[in-house]
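Here is the structure we will look at.
Coordinate-derived values only; no laboratory data. Keep in mind the model is a prediction, meaning the values are calculated, not measured. Virtual Cβ from ideal backbone geometry, glycine too; neighbours counted across all protein chains shown.
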C-alpha cells in the first residue's frame, strides 16, 4: 500500500491535494446534500469539475433533498453517480418487518440502513481508493475523533474529511460567501438531514444531530457509514494525518469478531 501524505493549508487545498494524489477516477465525494457536502461539492467543482460525486438514494428522502440535487446539477453541471438499493432486498425487508420497522429497535433500524445505504455504498466504494466526506468533529458525540485523513478499515480505502475541524458557523459563512445551493430544510430547524421518516427538526439549543433517529440514545446514532474511529480508523499502533501534515501509515485492518 502506498503511503498518503497530506499537509494542507486549508480545506480546499486538502481537496486539491487529494484529487491530485489519487487521480480523478479513484477518489469520490459522498454527498447527502447536507450543508457540509454542498461546501465540498463547491470546492470540488472549483478544483476539478470532472471530480466524482456520488449519492445514496435510499428511496425515503425528503423532496427538498431532491430539489437541492437538481439545483446543484444546474449550478455545477455535475453528473452525480446515484446509488440505489437492490429492489429485492427492499422488498424482503418490508415484507418481513413492515415499512416502518426502524422505529421498533436499533437492530431493525440498522438492518434498514444496511439495505438502503451500506450495501450500495460498499459497491460504490469498491471503485475508488479514497472517499471524501463532510464529517466535522463537533457534529455529534460519535464524531469527536474525526481526522483529516484516516484509514477506513471497513472498506479498505482512505477517508478524507477536509472540514473535520470546521465549526458550523464556518460552514454557513462559506455557503453565504460563495452562494452555494443548500437544502431549504436547514432553514426550518433541520441541521442534519437524512431519510424523511428518521429525521425531525430540532429545538433551539438541541444537539445538531438530535433530530436523527431521535428515539435512540446518542451513541447509536450512526447508520454504519461513519463508525467511531476506534472501529474504523488506523490500527492503534499507527499515526493519523492531521492538520500538521504527519504521514499516514495504515496498518493491517483488524478482522471483526463474528
(message) Per-residue counts of other Cβ atoms within 10 Å, averaged by peptide: what ranking do you get for 176-186, 74-84, 36-46, 192-202, highest first?
(response) 36-46, 192-202, 176-186, 74-84
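Evaluate E = 1/(1 + (r/R0)^6) for residue 177 and residue 216, where r is the Cβ-Cβ distance and R0 equals 30 Å; express this FRET efficiency to the nearest 0.05. List each step's numbers first, then the result.
Numbers: r = 36 Å, r/R0 = 1.18.
My answer for the efficiency is 0.25.
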(message) At 7 Å along Cα-to-Cβ for each site, give me the label-to-label distance between residue 86 and residue 119 in nm.
(response) 0.5
(request) Take the alpha carbon atoms of the stretch 1-78, find their center, do the same for the stretch 159-198, and report the distance between the two centers in whole angstrom. (result) 13
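Test of understanding: what is the full-extension gain from residue 96 to residue 66, defined as 0.36 nm times their sequence separation minus their Cα-Cα distance?
That works out to 8.0 nm of additional length.
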(message) Strictly greater than 14 Å: what percent of every Cα pair in the stretch 137-198 meets that?
(response) 70
(request) Classify the stretch 11-232 as rounded, prolate or oblate, taking a ≥ b ≥ c as the square roots of the eigenvalues of its Cα gyration tensor: rounded when a/c is under 1.5, otherwise prolate if a/b is larger than b/c and oblate if not. (result) rounded
